Structures are given as structure tokens and as C-alpha cells.
Amino acid sequence: MEIIKLQNITKRYDDGFVALNDINLTIESGKFYSLLGPSGSGKTTILRIIAGFTQASSGRIYFKGKDMTEVDAAKRPINTVFQNYALFPHLNVFENVAFGLKIKKKPAKEIAPAVNEALHLVRLDGYAQREIAELSGGQQQRVAIARAIVNQPEVLLLDESLSALDKRLRKEMQFELRAIQKKLGITFIFVTHDQEEALSMSDEIFVLNDGEIQQNGSPVDIYDEPVNDFVARFIGDSNILPGRMIRDFEVEFANRHFKCADAGMRPNEKVEVVIRPEDLDVVAPDQGKLVVRAQTQLFLGDHFEIKAIDSDEHEWLVHSTNSVHLNQPLGLFFDPEDIHVMRLNESQEEFDARLEQYEDDDDEKQ
Amino acid sequence: MKNNKRVFFLVPYLLWIVLFVILPLLLIGWYSITDTNGHFTLENYQRFFGSGTFLRMSLNSLWYAFLITLFTLVISYPAAYLLTKMKHQQFWLLLIILPTWINLLLKAYAFIGILGTHGMVNQFLQLFGLGPVNMLFTNFAFILVAVYIEIPFMILPIYNAIADINPAVIQASEDLGASKWQTFRYVLWPLSWPGVESGIQAIFIPSLSLFMLTRLIGGNRVITLGTAIEEYFMTTMNWNMGATIGVILIVMMIVVMLITGQRKKGRTRK
């Protein structure tokens with residue numbers, strides 16, 4: 001069910017800077033969304049417009065079909081977990097979590113159990129009487145989450161909420177956030193610049209750059225079928241090469257022709273080809289589709305990251321579970337499905353339409 | 001060796017403290033418990049607490065200090081709050097600080113000129129056919145000038161306290177459903193309280209012993225403990241009674257400091 005809709009949202013600052021350019025997005029209830037993009041991409045601005053802290057220059061926001069563009073932040077059924085938690089330093093843990101309920105004039109005998117339940121959910125039982133200054137970063141993070149969810153909002157906004165935590169704690173909180181979201185069944189909108197975080201937690205990701213949505217879809221869609229080279233570079237590592245579409249299901253790059261899984265383009269159209277480093281298998285030189293020489297390799301614990309060069313001086317990034325010999329010829333093998341072809345300047349709508357068209361063709365053939 | 005050096009650096013300050021703070025305090029204490037012939041007596045205190053005039057004078061002092069502090073706070077808090085939202089804050093701050101560089105006596109004389117029968121305010125009123133109104137030497141004039149002089153000392157600490165508040169905390173309050181008034185009441189006010197407290201201490205305590213303004217602007221109609229002390233030391237030359245009132249004034253100040261300081265301490269200790 002649709003819960004939030006942004007329609008033609010544009011945010012222009014007084015100095016002419018356009019933070020958001022004609023954003024349209026629909027949020028469905030009960031799902032975990034991520035707004036993913038580099039700093040300055042406009043992701044936090046979208047969050048602030050949804051929360052009501054920032055007014056859009058033009059465009060409307062709908063909540064369950066009702067226009068709430070002019071509604072105050074205080075009156076929206078939405079709560080926020082702030083970047084640096086923004087806990088009230090003059091109140092203890094209990095008072096912080098109880099704040100929203102006290103404002104709503106709930107009776108004290110309802111507040112105490114609700115607060116304790118929220119603290120239990122974020123695993124902070126027994127911390128109610130602590131002062132905020134006595135808590136670690138991870139604990140403050142949990143208090144901030146408890147303070148928001150105790151109000152039973154229909155949508156919870158999280159603004160880079162994990163970025164101040166160390167790596168281990170962040171991983172742990174990712175699992176917990178996902179578990180909390182599943183348990184409560186409320187919509188989460190999570191803003192992050194960390195692609196790994198977005199991929200691991202989300203049902204759906206909006207990738208943003210320069211104030212525009214580049215692509216939206218499930219983590220798998222976005223990883224496997226990036227719509228342009230920004231998305232391909234931003235999400236995961238990739239090898240991006242200039243190429244030429246010879247005909248449907250055949251592409252040329254690195255001066256060779258390869259079978260691929262893409263179609264629906266003009267013959268001989270210039271394209272870009274993406275191959276993920278983990279899709280490249282290292283084989284003997286005579287079995288490889290390409291022959292390269294490894295220049296450097298880094299051991300990263302679960303795999304080796306190898307930088308290699310082919311005969312045209314193209315650099316290839318390869319992830320391999322085994323180490324290789326440097327400066328020896330290596331074969332690289334990949335399946336046609338591992339090749340992802342991107343048209344230049346193709347929007348997501350055009351991309352989706354093309355995909356539908358030739359997937360229909362596939363169905364007819366079978 | 002190292003320790004000796006440190007002690008050496010302390011000498012000027014210690015000398016200062018001993019000569020100009022501790023010795024005078026001891027002297028005041030001594031004068032207050034002796035008579036004019038230097039004999040020990042508690043008569044001065046008996047006289048103070050036995051006489052309605054002195055008690056009324058103390059209440060008067062407290063009342064005027066309270067009024068001055070209250071009006072200063074009411075004017076300064078919104079001003080300090082707006083200041084934190086302005087562009088060019090340093091410039092506005094400078095404008096607020098500027099009057100404090102001018103001697104108090106000069107400012108008092110300036111106000112005599114402004115408020116007098118032929119002063120600017122009356123000239124202005126006469127444009128509308130009003131007045132002349134007698135404003136000088138009234139309680140109103142006294143409070144007006146005192147508030148004017150104290151405002152910078154209230155704005156600065158409050159401004160600093162509000163500027164230190166993380167703006168996200170204010171947004172968090174709104175996000176949790178608080179109205180503007182609730183956000184002020186439950187978040188902004190408690191978080192800016194340390195600044196308000198410093199302001200109150202910086203104004204209430206000195207206001208207890210104001211005497212120059214009471215004379216120049218209040219025309220001696222407002223009698224506070226400060227004026228009484230001046231009277232005893234300078235006019236009747238009864239230093240012992242003057243010292244007694246001084247001791248009582250100091251006790252009142254300590255009480256005020258304890259009251260305003262208490263809440264903060266309670267919080268951090270918890």
C-alpha cells in the first residue's frame with residue numbers, strides 16, 4: 001500500500017543551487033527503503049522534506065493520498081532518528097524516550113510500560129535511569145531509535161544513523177535495525193552513503209546523484225543491472241569499458257565479439273559494458289575469453305583483489321579466492337549473463353521499457 | 001624547584017587577593033561588631049534587625065533587584081534567541097557590548113539629559129501636545145536606566161548558552177510532536193538555563209547594592225542598602241553601622257548565589 005508520495009519535488013536554494021531536481025518517488029508501507037548517494041546528492045534533503053524540516057521549492061508530498069506539503073513537522077505521523085542522535089542532554093534515558101508520549105499528554109501509567117517496552121526492543125533494559133553522557137555511541141544510537149519508535153510512527157526516517165559507529169557495531173546495528181523493522185512492520189527510510197549498508201538492509205534502494213534519482217529497485221536489481229556508469233561505479237566495484245552493440249545479444253569490447261544477454265539497441269550503437277570483478281574467473285590462458293597480466297594483488301581476507309592489464313592496456317579488476325602469479329599471462333573467463341550492457345544517457349524508464357520489450361520477445365520464442 | 005616557581009607566579013595575585021579582598025572583608029566584619037570606640041558589641045546588628053526602617057530597606061533592595069533582573073531577562077532572552085538566528089552575529093554582538101565600554105557615570109548623565117523636563121523624550125511628546133512629563137527622579141526612571149545598563153550582561157551569557165545548543169535537538173523535539181511553546185518549555189529553556197543563571201547572578205547581586213543610579217536617576221527616592229551604606233560611610237561617618245549593613249548585603253548575595261547555583265549541581269551529581 002502506498003504511504004508516501006513525492007511529486008515533482010524540487011529544492012532550489014537562494015544562491016541558485018539546485019539540491020533536488022524534479023524528484024518523484026513512491027514509498028509503500030511496511031518496507032525498508034534506502035536513499036543512497038554520495039554527499040551532496042540530495043538524499044538528506046529528501047529526508048528533511050519528508051520529515052517537514054525543509055520546505056520544497058515546488059512539488060507536493062502526499063501521505064496516504066492526503067496532501068501534507070504544508071503540515072508542520074510536529075504534526076506528521078513520522079519520526080526521525082538523527083545523524084548524531086540529537087538526544088536531549090538534560091534528560092535521562094527514560095525521560096528522553098518518554099518525551100514524545102509526554103508531549104501527547106499520555107497518562108503516566110501508560111508511558112512507563114511503553115518506554116520500557118521500547119527500551120527492551122533496543123536491548124537497553126535496565127538503562128532507564130542512566131544519563132545520556134554516560135552512554136557509549138552505540139547505546140545512544142539505541143536510545144534514539146527507542147525514542148522514535150515509542151511513538152508508533154507509521155514511517156521512521158533514519159539519517160545516516162549508523163555512520164558514527166565503528167565497523168563492528170555498525171554491522172551489528174544493521175542486523176538489529178532490520179529485525180526491528182520486520183518486528184514492528186513500519187516503513188523505514190534510511191539515508192546512507194554506504195552502499196554495503198544499503199544493499200544489506202533494504203527492500204528497495206533509491207540511488208541519488210546531483211539531486212536526481214539515478215535508479216531505484218531491489219538491491220539485486222541495482223547491483224546486477226546498473227542503469228548508468230554512475231550507479232555501476234557507486235554500487236560495488238566494476239570494470240567499465242567502452243563497447244559497441246553489434247546486434248541483439250552480441251557486443252564488442254576489448255576488440256573482440258562476445259555473446260551477451262542484452263538487446264533492444266540500434267546495431268553498432270556505442271555502449272558501455274560492465275563486468276563485476278567477482279564474475280571474472282581466473283583460468284589458464286588458453287581457456288580464457290581474455291588474456292591479461294596481473295600487476296598487483298591485495299589480500300583482503302576473504303578474497304584477493306587483483307589489478308591486471310590486457311594487451312590494449314585496459315585495466316581489469318578481478319576478485320579471486322586464490323592468489324595468482326604476477327606478470328604471468330592469465331585467462332579471464334565469464335558467462336554471457338555476466339556482461340551488462342548500458343546505453344549512454346538512458347533513463348530508468350527507457351531502460352525498464354526496453355527490458356520489458358525484449359524479455360517479452362524471449363517469452364514468445366520459448 | 002618547579003613547585004617554587006609556580007608559587008612565585010602566584011605572588012602578585014595572592015597579594016591582590018589579600019590586600020583588596022580578604023583584608024577589607026575582615027575589616028568590614030571587624031567594624032560591624034565594634035562600636036565607634038573600638039569596643040566589641042552586637043548593638044549594630046540589634047539596631048538593624050530591631051528597626052523596621054532597615055528591614056524595609058532590605059526588602060526594597062531585594063524588590064528592586066528582582067524587578068531589574070526580571071525586566072532585563074524578559075528583554076534579553078528573546079533578543080539573545082533572535083541573535084543566534086541572525087546573519088552577521090559578530091556585528092550585532094559588538095553593538096550590544098559597545099555601551100559597556102562607556103563609563104557608567106557618563107551613561108547616567110546622558111539619561112538625565114534624555115529624561116529631564118527639557119530632554120529629548122519630552123520634546124518628542126510635545127510634538128503630540130503632551131507633557132512635559134516628569135520622568136527623572138522616579139522609580140520608573142531608576143528601573144529603566146538600571147535595566148538598560150544591565151542588558152548586555154544578560155544577553156551575552158544567554159546568547160552563548162543558546163548558541164551551544166545543537167539545533168538538531170530542537171528539531172528532534174518538533175519531530176516528536178512538540179509545539180513551539182512545548183519545545184521552548186521542555187528543551188530550549190532547560191538547556192539555556194546555565195546562561196540565564198549566569199545572567200541572573202551577574203545582575204541581581206550587583207543590583208542589590210546600586211547606589212549611584214538611585215541618587216542620580218532615582219533622585220534618592222529609591223533607598224536601597226547600597227544608598228544606606230554610602231550614607232553611613234560618607235555622611236554620618238558611622239563606619240560601624242555601614243559595615244554591618246555591608247555584612248548583611250554580603251550574606252544576601254551568598255544566599256542568592258547558593259539558590260541559583262543549586263539546580264545545576266543537583267543535575268550533574270546525579
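Among the residues of the range A:154-178, those identified as assigned to a loop (DSSP other than H, G, I, E, B) and among the charged types (D, E, K, R) are A:154, A:160, A:166.
Return yes when residue A:114 is over 27 Å from the mean Cα position of the chain (by Cα), surrounded by fewer than 20 Cβ atoms within 10 Å (Cβ to Cβ), more than 10 Å from chain B (Cβ to nearest Cβ) and farther than 26 Å from residue A:231 by Cβ and no when it is not. So residue A:114 passes the test. All conditions but one from (1) open to solvent by 80 Å² or more (accessible area, probe 1.4 Å); (2) more than 14 Å from chain A (Cβ to nearest Cβ) apply to residue B:186; the one that does not is (2).
Output the residue which, of all residues in the range A:92-111 that are over 21 Å from residue A:180 (Cβ atoms) and not in a loop (DSSP other than H, G, I, E, B), is nearest to the other protein chains (Cβ to nearest Cβ). Lay out the reasoning, then the answer.
So in the range A:92-111, the residues over 21 Å from residue A:180 (Cβ atoms) come out as A:92, A:95, A:102-110.
In the following step, the residues that additionally are not in a loop (DSSP other than H, G, I, E, B) were identified as A:92, A:95, A:102-103, A:108-110.
On the way: A:92: 8, A:95: 10, A:102: 8, A:103: 5, A:108: 16, A:109: 20, A:110: 15 Å.
Looking at the filtered set, the residue picked out is A:103.
The set of residues in the range A:1-18 being surrounded by 15 or more Cβ atoms within 10 Å (Cβ to Cβ) and within 29 Å of residue A:180 (Cα to Cα) consists of A:3, A:4, A:5, A:6. Can you name every residue in the range A:66-85 that is over 25 Å from the mean Cα position of the chain (by Cα), at the interface with another protein chain (Cβ under 8 Å from one of its Cβ atoms) and not hydrophobic (A, V, I, L, M, F, W, C)? Selection gives A:72, A:75.
When we screen B:148, B:159 for residues that are open to solvent by 10 Å² or more (accessible area, probe 1.4 Å), at pLDDT 95 or above and of a type outside the set (Asp, Glu), the only hit is B:159.
Out of the residues in the range A:55-65 meeting the condition of being surrounded by 17 or more Cβ atoms within 10 Å (Cβ to Cβ) and without any contact (Cβ under 8 Å) to a residue 60 or more places away in the chain, tell me which one is farthest from the other protein chains (Cβ to nearest Cβ). So that I can check it myself, show each step before the final result.
As a first pass, look at the range A:55-65 and keep what is surrounded by 17 or more Cβ atoms within 10 Å (Cβ to Cβ): A:56, A:59, A:61, A:63.
From what is left, the residues that are without any contact (Cβ under 8 Å) to a residue 60 or more places away in the chain are A:56, A:59, A:61.
Working: A:56: 17, A:59: 21, A:61: 16 Å.
Going through the qualifying residues, I end up with A:59.
Residues that are in contact (Cβ under 8 Å) with a residue 24 or more places away in the chain, among the aliphatic types (A, V, I, L, M) and touching a Phe, Trp or Tyr at 6+ places or on another chain (Cβ under 8 Å) within the range B:203-246 comprise B:203, B:210, B:213, B:216, B:217, B:222, B:228, B:241, B:243, B:245, listed in sequence order. Right, residue A:21: under 14 Å from residue A:209 (Cα atoms), open to solvent by 60 Å² or more (accessible area, probe 1.4 Å) and assigned to a strand (DSSP E or B) or not? Against the criterion (under 14 Å from residue A:209 (Cα atoms), open to solvent by 60 Å² or more (accessible area, probe 1.4 Å) and assigned to a strand (DSSP E or B)), residue A:21 qualifies.
Is it true that residue A:231 is of a type in the set (Val, Ile, Thr), open to solvent by less than 10 Å² (accessible area, probe 1.4 Å) and not assigned by TED's automatic domain parsing to the domain that holds residue A:141?
Working: of a type in the set (Val, Ile, Thr): yes; open to solvent by less than 10 Å² (accessible area, probe 1.4 Å): yes; not assigned by TED's automatic domain parsing to the domain that holds residue A:141: yes.
So residue A:231 passes the test.
Of all residues in the range A:24-62, how many are in a strand (DSSP E or B) and closer than 16 Å to residue A:76 by Cβ?
Restricting attention to the range A:24-62, the residues satisfying the condition of being in a strand (DSSP E or B) are A:24-28, A:32-36, A:58-62.
In the following step, the residues that additionally are closer than 16 Å to residue A:76 by Cβ were identified as A:27, A:60-62.
Within the range A:24-62, residues that are in a strand (DSSP E or B) and closer than 16 Å to residue A:76 by Cβ number 4.
Restricting to the range A:117-148, what's the tally of residues that are within 12 Å of chain B (Cβ to nearest Cβ) and more than 26 Å from the chain's Cα centre (by Cα)? The total comes to 6.
The values are calculated or read from the model by the stated rules, or taken from the named source; none is laboratory data. These numbers were taken from a predicted model, which means no experiment stands behind them. Cβ sites come from the backbone with ideal geometry, for glycine too, and all protein chains shown count toward neighbours. These accessible areas exclude ligands, DNA and RNA; they are computed on the full protein's heavy atoms, side chains included. Shrake-Rupley method; radii C 1.70, N 1.55, O 1.52, S 1.80 Å.
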